[in-house]
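The values are calculated or read from the model by the stated rules, or taken from the named source; none is laboratory data. Predicted model, so just to flag it, every value in this text is computed and none were measured. In this analysis, Cβ positions are derived from the backbone assuming ideal geometry, glycine residues included, and neighbour counts consider all displayed protein chains.
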Amino acid sequence: MTVTRRPPWLLGTVVGYRRSWILRDVIAGLSAGAVVIPQAMAYATIANLPVQVGLYTCILPMLVYAFLGGSRAMSVSTTSTIATLTATTLVTAGVAAGAEDAMGSLMMLTLLVGAILLIARLCRLGSLVENISGATVLGLKIGVGATVAVGQLPKLLGESDDFSGHGFLASLGAVAQAFGSANGPTIALSAGSIAVILVLKRFAPKVPGTLVVVVGGILLVGLAGIDRLGVDLIAPVPSGLPVPGIPDFGQTVALVPGALAIAVMAFLESAAVARSLRVATEPQIDSDQELFATGAANTVGAFFGTMPAAGGFSQSAVNQSAGARSQVATLVTVVLAVLVALFLGPVLSLLPEATLAAMVFVAVAGLINIPELVRWARISRVDFWIASSVAVLGLTAGLLPAVAVGVVVTLILVLREVNIPKATIVGADGGVLGIRLDRGLYTANALANERMLLETVAAQGAPVRALVLGLTQQEVMTITVLDALEDLDRELSQLGVVLHLAAVPASAKVVAERTPWFAGLESAGRVHGTLREGITAAESAIDAGMQSLHQGEVDDAP
């Protein structure tokens, strides 16, 4: 009998599943759905998209992640940061809200985000992306929070437009104009909704405040008719499930910069949420698996008109606190979202815009974490200035330039750190100097390491006859590195020093053996399995050379 084995990347969170967990997962899925469904609908309005787009983002991306993801409790839909970057990207690309090509461009954007994440997975860039500093993320979130919070103020006052995608300064101008036509009942509804969410969050955190204000807003329209007082409602919500479509490839080039920024933030948010929710008894979170799962969720969702998706902290935290033991809880949330899409469209159409704006306002206000910025100022001035600069840039030049600059600055700092040579001297006796490189050589640090090695040889008090170089960390060998090592061999030879290599990993050795220089080193017995073997061989070679020289002097004596 042939047993079909499950691929390790499929349904990893249900390994060892127990029947006793089913009830917990069902309760957790319903609890998370009560938060994520209205929240995702509200986030869709940040990008001036129909609320059903946010609802659809609670179906396909969640379903795909449930099968491929590695976090047991993470809930994947859209987030305030992703929604804001989506709005900014569409505006920057010249896609007008409500235009016929808006959905086609959104599908293309989501597809690009998914493709970028999948390409990053193929290149195993999970650990590289995670090098983006916390300072960059904090600065960006402050910029996002301030931009979106100000962008919601016109809706809270009774205007129907959302200026979040146009940037912080444009949103401020819209607020000034909105004061002249503010609607009293809308302001009262907005203030009441914000108060309810904050009070429940403070005194009854297990009660989903977003669901309460959504139900309350719908009841006020349906029973009290507050829409007749000038309170604007959302656009009618069609009943039914998302249908597949074709992205608009005409906007591809204009959408690429924004897609890159969204992909970076989607992965960073998802990885951060997954790690924060992991308990000690669960497997470690694999960065590359998260890239694959998040990329696949966006790629599949793109063809059904969803927004770019990422792990959201608030609904994931609700999921975990309600007792979620696996992604079965997410499947319950998906079923709930499907039922809402099929049967509650007419009911959702009674929802006031101000209610959704209040939900967004409260959610993004928490991103403006000034106390954390002050704490960083006391601990690390470098991190403080990076976060502050990214935040200011996001508020003035825009969020996409802020992401780009933050990523570039972070990578510069990372490269500066990894390019500093690190080595350990493991022996310096009998004319033999043993050095182990603690970082692998690559294009950017090869020359710096070569100079460091030559300076170390020159700094020894006693003459050095042989240098044994340990390359334990050199898993990847490139032509640039081989050229640098050959150049080091030549320079040492001019100083009368013989170069030996030791502990070269097999993967690097296979590449190196294709060059005549390395092959010559091997044939001369100057490549060794371990650093200790190399030092012993070098000492023996020096002793043999000394004996040969001494014998020659004896033979030449009269």
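Condition test on GLY427, is it modelled with pLDDT under 85, under 30 Å from LEU499 (Cα atoms), in the same structural domain as ALA503 (by TED's automatic domain parsing) and in a strand (DSSP E or B)?
So GLY427 fits the description; yes.
Given (1) crowded, with 19+ Cβ neighbours inside 10 Å; (2) acidic (Asp, Glu); (3) over 25 Å from MET103 (Cα atoms), identify the lone condition not met by GLU353.
Against the list (1) crowded, with 19+ Cβ neighbours inside 10 Å; (2) acidic (Asp, Glu); (3) over 25 Å from MET103 (Cα atoms), GLU353 comes up short only on (3).
When only residues in segment 430-455 that are β-branched (Val, Ile, Thr) and under 16 Å from LEU501 (Cα atoms) count, which is surrounded by the fewest Cβ atoms within 10 Å (Cβ to Cβ)? Walk me through how you get there before you give the answer.
Filtering segment 430-455 down to residues β-branched (Val, Ile, Thr) leaves 432, 435, 443.
Next cut, under 16 Å from LEU501 (Cα atoms) only: 432, 435.
Details: VAL432: 24, ILE435: 22.
Looking at residues that are β-branched (Val, Ile, Thr) and under 16 Å from LEU501 (Cα atoms), I get ILE435.
Got at least one residue in segment 437-448 being in a helix (DSSP H, G or I), free of Cβ contacts under 8 Å to residues at least 40 places away in the same chain and under 19 Å from SER133 (Cβ atoms)?
No.
Taking the condition of being in contact with a Lys or Arg (Cβ under 8 Å, 6 or more places away or on another chain) and either of a type in the set (Ser, Thr, Tyr) or surrounded by fewer than 17 Cβ atoms within 10 Å (Cβ to Cβ) (or both), how many residues in segment 245-279 meet it?
0
Looking at LEU482, LEU521, which one is surrounded by 20 or more Cβ atoms within 10 Å (Cβ to Cβ) and without any contact (Cβ under 8 Å) to a residue 40 or more places away in the chain? Working first, answer last.
Numbers: LEU482 fails: surrounded by 20 or more Cβ atoms within 10 Å (Cβ to Cβ).
Exactly one of LEU482, LEU521 is surrounded by 20 or more Cβ atoms within 10 Å (Cβ to Cβ) and without any contact (Cβ under 8 Å) to a residue 40 or more places away in the chain, namely LEU521.
I'd like to check something: does segment 158-168 contain any residue that is assigned by TED's automatic domain parsing to the domain that holds ALA28, under 31 Å from the mean Cα position of the chain (by Cα), under 20 Å from PRO352 (Cβ atoms) and assigned to a helix (DSSP H, G or I)?
Within segment 158-168, one or more residues are assigned by TED's automatic domain parsing to the domain that holds ALA28, under 31 Å from the mean Cα position of the chain (by Cα), under 20 Å from PRO352 (Cβ atoms) and assigned to a helix (DSSP H, G or I).
When the residues of segment 156-180 are filtered to those that are modelled with pLDDT of 75 or more and touching a Gly at 6+ places or on another chain (Cβ under 7 Å), which remaining residue is farthest from VAL51 (Cα to Cα)?
The extreme case among them is SER171.
Select from segment 300-355 the residues that are in contact with a Cys (Cβ under 9 Å, 6 or more places away or on another chain), closer than 25 Å to GLY192 by Cβ and of a type in the set (Gly, Ala, Ser) and list them in ascending order.
Of everything in segment 300-355, nothing turns out to be in contact with a Cys (Cβ under 9 Å, 6 or more places away or on another chain), closer than 25 Å to GLY192 by Cβ and of a type in the set (Gly, Ala, Ser).
Only one residue in GLY323, GLY311, GLY301 is modelled with pLDDT of 95 or more, assigned by TED's automatic domain parsing to the domain that holds PRO185 and in contact with a Phe, Trp or Tyr (Cβ under 9 Å, 6 or more places away or on another chain), so which one is that?
GLY301
If you go through segment 456-466 one residue at a time, do you hit one that is at pLDDT 90 or above, over 21 Å from ILE425 (Cβ atoms) and not hydrophobic (A, V, I, L, M, F, W, C)?
no
Tell me, please, whether a residue that is within 21 Å of the chain's Cα centre (by Cα), part of a helix (DSSP H, G or I) and surrounded by fewer than 18 Cβ atoms within 10 Å (Cβ to Cβ) can be found in segment 205-219.
Checked against the condition, which is being within 21 Å of the chain's Cα centre (by Cα), part of a helix (DSSP H, G or I) and surrounded by fewer than 18 Cβ atoms within 10 Å (Cβ to Cβ), segment 205-219 yields no hits at all.
Only one of these is within 30 Å of ALA224 (Cβ to Cβ), part of a helix (DSSP H, G or I) and either without any contact (Cβ under 8 Å) to a residue 24 or more places away in the chain or not small (Gly, Ala, Ser) (or both): VAL364, VAL392, VAL403. Name it.
Sole residue among the options that is within 30 Å of ALA224 (Cβ to Cβ), part of a helix (DSSP H, G or I) and either without any contact (Cβ under 8 Å) to a residue 24 or more places away in the chain or not small (Gly, Ala, Ser) (or both): VAL364.
Against the definition (modelled with pLDDT under 90 and not in a helix (DSSP H, G or I)), how does VAL476 come out, yes or no?
Details: modelled with pLDDT under 90: yes; not in a helix (DSSP H, G or I): yes.
Yes, satisfied.
Given the conditions (1) in contact with a Gly (Cβ under 7 Å, 6 or more places away or on another chain); (2) over 27 Å from PRO38 (Cβ atoms); (3) assigned to a loop (DSSP other than H, G, I, E, B), report the number of the one that ILE246 does not fulfil.
Unmet condition: (1).
Within segment 452-473, count every residue that is assigned to a helix (DSSP H, G or I) and among the β-branched types (Val, Ile, Thr).
2
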